Amino acid sequence: MARWGLLGVAIVAVIVGYMNLTRSEKLVELMFAADKATLEDKGTLRLWTVYLQLFGLVAMLWALLPAADFIKSLRS
């Protein structure tokens, strides 16, 4: 029997990863909207942007694991 929950987890992980890769600057601005001093420091903003992009890449790569298990469950 196919395990559809694995497919759902994989799709959510891909969406989260894609959003973190493509819109990381906007997400950092939203995270620090209340702290104006942090928004003015370009080094901190760049560092957090790289962190979010790295997290997005890891999330997209991690999505391969449940997707592979879902495909494997279709074969059995």
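The values are calculated or read from the model by the stated rules, or taken from the named source; none is laboratory data. None of the values given here were measured: they were computed from a predicted structure. With ideal geometry, Cβ positions are generated from the backbone for all residues, glycine too; neighbour counts draw on all protein chains shown. Note: areas computed on protein heavy atoms with side chains; ligands, DNA, RNA excluded. Shrake-Rupley method; radii C 1.70, N 1.55, O 1.52, S 1.80 Å.
Numerical summary
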quantity	calculated
Span-rule helices in the chain, defined as complete DSSP H runs reaching 15 Å or more along the axis (Cα) with Kyte mean at least -1.0	4-22, 42-62, 64-75
Net dipole in debye of the chain [+1 Lys, Arg Cβ; -1 Asp, Glu Cβ; about Cα centre; nearest 20]	340
Label selected from (i) 1.34; (ii) 0.94; (iii) 1.21, the criterion being Rg/Rh (Cα atoms, Kirkwood Rh) as computed here	(iii)
Ranking by accessible area, most exposed first, for R3, R75, R23 with a 1.4 Å probe	R75, R3, R23
Helix-only CD estimate at 222 nm, as mean residue ellipticity for the chain, using -39500 (n - 2.57) per DSSP H run (n ≥ 4)	-27000 deg cm²/dmol
Which of M31, M60 is most accessible, then next, and so on - probe 1.4 Å	M31, M60
Surface share of carbon and sulfur [accessible, 1.4 angstrom probe, percent] for the chain	71
Relative contact order, percent, the chain [alpha-carbon distance under 8 Å, six or more residues apart]	55
